[in-house]
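A.B. asks: Mind looking over this structure? Questions follow.
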């Protein structure tokens, strides 16, 4: 009974923004996310987890990362996260993925801006290591998993 109550509480704790992803890419939103606007031009939302891409990040690679994230979080593809506790924790921590064109571009980001704004649970990924299609290793599988499993 106690475990059922915990699961129910976790389900109720997931914000309304945890709707199934539509994989649309838009501009970086305002509010608390405005801090990302100076360095990123692209934004996606997967169950309330934010993905940001720079102007030189190919949109199809950012979308690929979002699809991989959605598949990890909703493996049975029923439109709901499989483990509400994991998602609730990620949302509470404002977890985000930052994708840049390459490693050099990621190194050049002003990470202090995000830290100062309270975003401490971000993970970086390069478009150059994002290889959908299966012909080369796709680091998206690893990088997105790091974001999800980060303590």
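A.B. asks: Cα extents of the stretch 2-149 along the three principal axes, largest first, in whole Å?
C.D. replies: 49, 39, 23
A.B. asks: What length, rounded to one decimal in nm, is gained on full extension from residue 60 through to residue 32, with 0.36 nm per residue of separation minus their alpha-carbon distance?
C.D. replies: That works out to 7.5 nm of additional length.
A.B. asks: A further question on this structure: Rounded if a/c is under 1.5, else prolate if a/b beats b/c, else oblate: with a ≥ b ≥ c from the C-alpha gyration tensor eigenvalues square-rooted, which is the stretch 72-151?
C.D. replies: oblate
A.B. asks: Rank these for me by crowding, 23, 137, going from fewest to most other beta carbons within 10 Å. Numbers along the way, then the final one.
C.D. replies: Details: 23 14, 137 10.
Starting with the residue having the fewest Cβ neighbours, the order is 137, 23.
A.B. asks: Take 87, 141 and order them by how many other Cβ atoms sit within 10 Å, fewest up front. List each step's numbers first, then the result.
C.D. replies: Numbers: 87 25, 141 13.
So the residues, fewest neighbours to most, are 141, 87.
A.B. asks: A further question follows. Restricting to DSSP H runs of at least four residues, report the calculated mean residue ellipticity at 222 nm for the chain, -39500 (n - 2.57) per run over all residues, nearest 500 deg cm²/dmol. Could you put the intermediate results ahead of the total?
C.D. replies: On the way: 6 runs with 58 residues, N = 151.
Using -39500 (n - 2.57) per qualifying helix, the result is -11000 deg cm²/dmol.
A.B. asks: Compute the distance in nm between two label points, each set 7 Å from the Cα along the Cα-to-Cβ direction, one at residue 93 and one at residue 137.
C.D. replies: It is 2.4 nm.
Each reported figure results from applying straightforward, stated rules to the coordinates on display, with no laboratory input. Predicted model, so just to flag it, every value in this text is computed and none were measured. Cβ: placed from backbone, ideal geometry, glycine included. Neighbour counts: every protein chain shown.
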